[in-house]
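To keep things clear, I will list the structure first and then write my remarks on it.
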Amino acid sequence: MTSGERIKYLLKQKNMTQAQLAKMLNTTPQRLTEWISKNRQPSTKYLEQMAKIFEVSIDYILTGEEKETKNENYPNNIKELKSLTEQKIIEDY
């Protein structure tokens, strides 16, 4: 499946028309048609917006696969981040 076919599939899943998506992206329906039918690649700006609208990753739009972005070195939540920050302040003091 191409990225254009995935966009078309996602539109159907959200029960949304191409015109509605084009309006949400502040672009023309013609440009959207180019992405879907002519398999032209949307810019990063539009990919980011579509990922938010469709609640998928940019990777999914481009490749059909969700990439795992979690890095084990990063804190899992705000509390953990705050604790690590406070600990660092204490250590530096």
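Applying the criterion of being β-branched (Val, Ile, Thr) and free of Cβ contacts under 8 Å to residues at least 12 places away in the same chain to the residues of segment 11-35, the residue that is nearest to PHE54 (Cα to Cα) is THR17. The helices (runs of 4 or more DSSP H) falling completely within the chain that include 1 or more residues that are at pLDDT 75 or above and surrounded by fewer than 16 Cβ atoms within 10 Å (Cβ to Cβ) map to 3-13, 18-25, 29-37, 44-54, 58-63.
The values are calculated or read from the model by the stated rules, or taken from the named source; none is laboratory data. Please read these numbers as outputs of a predicted model, since none were measured by experiment. Every residue, glycine among them, receives a Cβ derived from its backbone with ideal geometry; neighbour counts consider all protein chains shown.
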